[in-house]
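Take a look at the structure set out below.
The values are calculated or read from the model by the stated rules, or taken from the named source; none is laboratory data. Because the structure is predicted, anything quoted here is derived from the model rather than measured. Cβ coordinates were reconstructed from backbone atoms using ideal geometry, including for glycine residues, and neighbour counts include every protein chain displayed. Side chains included, ligands, DNA and RNA excluded: accessible areas come from the protein's heavy atoms. Shrake-Rupley method; radii C 1.70, N 1.55, O 1.52, S 1.80 Å.
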Amino acid sequence: MRQKAQIMDREGIRRALTRIAHEVIERNQGTGNLALIGIRRRGVPLAARLAERIREIEGSSVPVGTLDITLYRDDLTTLAQQPLVHRTEVPFPVTDKTIVLVDDVIYTGRTIRAALDAIMDLGRPRQIQLAALIDRGHRELPIRADYVGKNVPTSRREVVSVRLQEIDAEERVLILEKE
Amino acid sequence: MNRLLLKGGRVIDPLAGEIIAADVFITDGKIAAVGRELTVEETVVLDVSGKLVAPGLIDMHVHLREPGYEAKETIATGTAAAARGGFTSVACMPNTDPVADNPAVIGYIRAKAQTEGMVNVFPVGAITRESKGEQLAEMAALKEAGAVALSDDGRPVAGAAIMRRAMQYAKMTGLTIISHCEEPSLAAGGAMHEGYMSTVLGLPGIPAAAEEVMVARDIILAEATGCPLHIAHVSTAGSVRLIREAKNRGVPVTAEATPHHFTLTDEAVAGYDTATKVNPPLRTAEDVAALRAGLADGTIDVIATDHAPHTPEEKDVEYAKAPCGMVGLETALGLVWTELVAPGVLSPVEAVRRLTVNPARVLGIARGTLEIGVTADITVIDPELEAVVDPDRFAGKGRNNPFAGRTLRGLAVLTIVAGRVVYDAGPTR
Amino acid sequence: MKKDLLGLQQMTAPEIARILDTAVPMKEITGRQIKKVPTLRGRTVVNVFYEPSTRTRTSFELAAKYLSADTVSISASASSVVKGESLKDTARTICAMGADVVVLRHPMAGAAEMLARTVPAAVINAGDGAHEHPSQALLDLFTVREKTGRLDGLTVAVIGDILHSRVARSDIWGFTTMGATVRLCGPATMIPPGIEATGAAVCRNMEQALDGADVVIMLRIQLERQQQGLFPGVREYARLFGLDEKRLALARPGALVMHPGPVNRGVEISPAVADGVQSMINEQVTNGVAVRMAILYLLSGGGKNE
């Protein structure tokens, strides 16, 4: 993989998350019934950071959960080996909550489709919204993000790589190209 | 008419215990001359230079399955397998249906062998009626009809009293008792040797003691009655020891070992290949070593196959359900040469002895030598010829052979029965 | 993962760990209100039971259902098995049905291996004779790891009829592969020959086997073994090899007590111990479903159905 461009740096990511936090609060008129659920893997630290921003702004904390969507994937039969399943940890009832799903990149929409099914199996939320740090287009399902850090037009040959301190020990977003 | 000259071979003489470069001339089904640079007019000449010319091999423990189990094997197919494996004579066990416990069945087998058999067939009669271990079979009548020995092979004679009577009576008839030694109450339900492998595989085991208890019993009875006893398919170190001790004491006992028992261990059962299910079962490496030592020091007189064909349908079942037995006629010589002669356990002469004169003596048949005037049963062995065992190319019906895929070196290239070529490896020769 | 799960003898520590790790999120699903994920939608799991076993069969059935697979059960009483249909014939039927996974329980050792050679479907050995019962051992491993946080360095005592026990064999392979020490104890007639070569130690008596043990696995004693002359009677068995509170006190404080079930209360285990705080018998059942979900999930991969 060849690195093509850096599209966000540490500051860019910070500013995008702060903006999204404000938008979430504004759109939901506070944090009363709100909960965040990060999609493994990189949605998880992003959801934690968003919750932290919201707490800084509003002074109240929102519950945060973790979703593993492996068992809901629609491509299991085509994979050479079964991917590792991780724990789903949603330590609060989702029923009647407004859930903000958090992921790093929205692309085909299939991950989000799986995440929606996974959340539905946990209960019946009042509303589900979607936050993504990067929207790179090429949707294959009628799904869109409610909150986007940055829209990045890409080709299918390209890969968007979000690198986060908690997982990758660096903080930036790159566009890579398959060689 | 019927003149054959085997030219340029090395003749194995198991009686003299030597190998000599000599030609062999056969006429009218008999050995006419053995000597250097024989020149004979008007004869078929077969070039066997570099090959070993041995007396025709004798397998004294074969199941031809006819009458009764023709789906497994017939006299025609079983003797074809024998010819291909280099055997000119086989002794067939009486556990047919009906059991060969009467002159009629012995007569039937001999008649069939006469018309359809490719090699000599010497029937073994039953010790007891229907081999049930209860009443003695008519041993004298069996002998008269052509039985060469007595055995309840496959169904060990459980009762010591009936075995004692059988030996007393058999001695009178001059027939040897061939004993399948296995104490039924110790072996009951077993599917393989009892030991680490049976523990790991979870299969019910047959302890070595099941065989040894009966070997000890039969030796004691043979000693007491004076009846010649031949222990079939010896499989354990303990049995070898018992037989060795008995021989040293002068007990009239002989013994045989099968190629599978002196080559394979119970580790071959891993994977549950039912071709490895035999009775007695494959034992441990220690037992294999003891059998080889017993062959080397003469404790074990005979190598015999216990050729036991079954249909694929019968063998293609759960291990515990599968019938016991493997076919051996077409792999025996290769195994003897590869596993005993090549590593120096037996010299070529000693190996041939255990396949010719020794079984002939146990059975009391006039075979197993190349003396002038005897029936010209000859096996020509190419000690360098190699082949991969492929059960699908066997002449016999059975495919149950765990040596499939193994390369064997030292094979029969020419099998001659009474001067007639019944198997010729052709271009490889 | 290989195509089949036939036993633990051939499995490596990472392979076992992968199943145990996968069972953790599966257990979370079994605790949900809606116990269903769509993972194996459209897959068919056939349970073939040549021996009655409510426990193992329902556990596999639930596991398959929680993963949205379609399940069919063929049991000895209800099918052609009793009509003498051979395993080979059954295998052909299973193939024709298009099963993706076959769960086989059979009274003869090696049956699962034989079936695995015959059918393209993944075969899970749910117990074959006295050979192996890998899913039971995996749930034992899972239960111990969940409770104690580790397997490496533990001492596990397995008590009872080792000779006929497929659970004992799978537990020996599983625990020793994962770094635990296994001790065995039972009547001398029920200690199979050569068992020490598996790495397990044979103890002379219960006291020696239990001394400081972290885990005690009690095996069911089949009462018909008495008729076979393998032990003289239930009373003497309970006296020599039964687990009561006094004996349990010899083990490490808080040691886990397990039993593959069904339990002969008062014979191999006293009611007080079976129902006591150290008993994991109910947890084993719960964890069994999660572990079997993990097995089904991991064996269903690989695009082999496309």
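Side notes on the structure shown:
- Criterion applied to C:Ala157, C:Ala122, C:Ala109, C:Ala137 was being within 14 Å of chain B (Cβ to nearest Cβ), open to solvent by less than 10 Å² (accessible area, probe 1.4 Å) and touching a strand residue (DSSP E or B) at 6+ places or on another chain (Cβ under 9 Å), and the one residue passing it is C:Ala109.
- Contact annotation: residue pairs with Cβ atoms under 6 Å, 6 or more positions apart or on different chains, pairing a residue in the range B:68-79 that is part of a loop (DSSP other than H, G, I, E, B) with a partner that is open to solvent by 40 Å² or more (accessible area, probe 1.4 Å) and modelled with pLDDT of 95 or more, are B:Gly68/B:Asp97; B:Glu73/B:Lys397.
- Qualifying residue in the range C:195-217 (condition: small (Gly, Ala, Ser), crowded, with 21+ Cβ neighbours inside 10 Å and outside any loop (DSSP other than H, G, I, E, B)): yes
One line per residue, one yes/no per condition, for (1) within 11 Å of the chain's Cα centre (by Cα); (2) under 17 Å from C:Lys3 (Cβ atoms); (3) of a type in the set (Phe, Trp, Tyr):
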{"site": "C:Leu104", "(1), (2), (3)": "no, yes, no"}
{"site": "C:Ala111", "(1), (2), (3)": "no, yes, no"}
{"site": "C:Val119", "(1), (2), (3)": "no, yes, no"}
{"site": "C:Ile124", "(1), (2), (3)": "no, yes, no"}
{"site": "C:Gly127", "(1), (2), (3)": "yes, no, no"}
{"site": "C:Asp140", "(1), (2), (3)": "yes, no, no"}
{"site": "C:Thr143", "(1), (2), (3)": "no, no, no"}
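- Candidates in the range B:22-35 are the residues that are assigned to a strand (DSSP E or B) and open to solvent by 50 Å² or more (accessible area, probe 1.4 Å); of these, the one that is farthest from B:Asn2 (Cα to Cα) is B:Val34.
- Of residues in the range C:73-92 being β-branched (Val, Ile, Thr) and open to solvent by less than 60 Å² (accessible area, probe 1.4 Å), the one modelled with the lowest pLDDT: C:Val81
Here's the yes/no breakdown for (1) among the small types (Gly, Ala, Ser); (2) not in a helix (DSSP H, G or I):
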residue	(1), (2)
A:Ala16	yes, no
A:Ala21	yes, no
A:Ala35	yes, yes
A:Leu46	no, no
A:Glu52	no, no
A:Ile57	no, no
A:Thr66	no, yes
A:Asp74	no, yes
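- Search result, residues across the range B:183-214 that are closer than 14 Å to B:Thr276 by Cβ, at the interface with chain C (Cβ under 10 Å from one of its Cβ atoms) and aliphatic (A, V, I, L, M): B:Ala191, B:Met192, B:Met197, B:Leu201, B:Leu203
- From the list A:Arg124, A:Arg113, A:Arg136, the lone residue that is closer than 23 Å to C:Thr30 by Cα, out of contact with any helix residue (DSSP H, G or I) (no Cβ under 7 Å at 6 or more places or on another chain) and surrounded by 17 or more Cβ atoms within 10 Å (Cβ to Cβ) is A:Arg113.
- Selected residue (only one of C:Ala69, C:Ala99 is away from every other protein chain (no Cβ under 13 Å), in contact (Cβ under 8 Å) with a residue 12 or more places away in the chain, more than 19 Å from the chain's Cα centre (by Cα) and buried (at least 16 other Cβ atoms within 10 Å of the Cβ)): C:Ala99
- Tallying residues that are out of contact with any Cys (no Cβ under 6 Å at 6 or more places or on another chain), of a type in the set (A, V, I, L, M, F, W, C) and open to solvent by less than 10 Å² (accessible area, probe 1.4 Å) within the range B:207-230 yields 5.
- The range C:1-53 - residue that is of a type in the set (Gly, Ala, Ser) and outside any loop (DSSP other than H, G, I, E, B) and, of those, nearest to A:Arg113 (Cα to Cα): C:Ala23
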